[in-house]
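Here's the structure, in structure tokens; my notes come after.
The values are calculated or read from the model by the stated rules, or taken from the named source; none is laboratory data. Here the structure is a predicted model, which is why all the values come from computation and not from measurement. Because the Cβ atoms are built from the backbone with ideal geometry, glycine has one as well, and the counts that use them run over all protein chains shown. Ligands, DNA and RNA are stripped out before the accessible areas are found, and what is left, the full protein with its side chains, is counted by its heavy atoms. Shrake-Rupley method; radii C 1.70, N 1.55, O 1.52, S 1.80 Å.
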Amino acid sequence: MSFQLGSSLLDACVLAILAKEDAYGYSLTQQVREIMDISESTLYPVLRRLQKGEYLTTYDQPFQGRNRRYYRITASGRSKYEELFEEWIDYKQKIDSVLLGGINDD
């Protein structure tokens with residue numbers, strides 16, 4: 001079973017990955033896929049939106065005769081990530097209380 005993920009949670013996951021290190025599109029997609037089922041066609045609009053919001057910047061780096069576009073989190077992106085993380089903690093606690101409450105009722 002998989003749960004539907006909202007754009008805020010996807011943004012938070014992308015920003016969290018990029019907070020650790022810069023990544024190019026395919027690599028980033030593979031890292032996000034480890035935690036949720038998404039396609040590259042889903043991820044690239046997210047990256048463009050985060051870039052437009054000035055949470056990410058890009059740079060190109062040569063690799064085997066081609067350029068790879070790397071994504072880097074900005075200071076605004078780190079602040080946004082921290083904000084989303086705090087919201088996630090609050091949301092997760094609320095969901096846990098409901099879900100665990102049903103399990104603990106005997």
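Couple of notes before you dig in:
- For the chain, a crude dipole built from +1 on the beta carbon of Lys and Arg and -1 on the beta carbon of Asp and Glu, taken about the Cα centre, is about 720 debye to the nearest 20.
- Comparing E83, E34, E54 in a Gaussian network model of the chain (Cα springs below 10 Å), the most mobile by mean-square fluctuation is E34.
- Built amide H within the under 5 Å cut-off of Y24, gap 5+: Y71
- The accessible area of Y24, taken with all protein chains in place and a 1.4 Å probe, comes to roughly 50 Å².
- Residue with peak Gaussian network fluctuation, the chain [Cα springs, cutoff 10 Å], from Q30, Q51, Q61: Q61
- Per residue value of the accessible surface for the stretch 7-98 (all protein chains in place, 1.4 Å probe), Å²: 66 Å²
- Carbon plus sulfur fraction of accessible area for the chain, probe 1.4 Å, in percent: 50 percent
- Among S76, S41, S27, the largest mean-square fluctuation in a Gaussian network model of the chain, built with springs joining Cα atoms closer than 10 Å, belongs to S41.
- Seen from a random direction on average, the alpha-carbon convex hull of the chain projects onto 7.9 square nanometres.
- Distance in nm between pseudo-label sites at S27 and N67 (7 Å out along the Cβ direction from Cα): 1.8 nm
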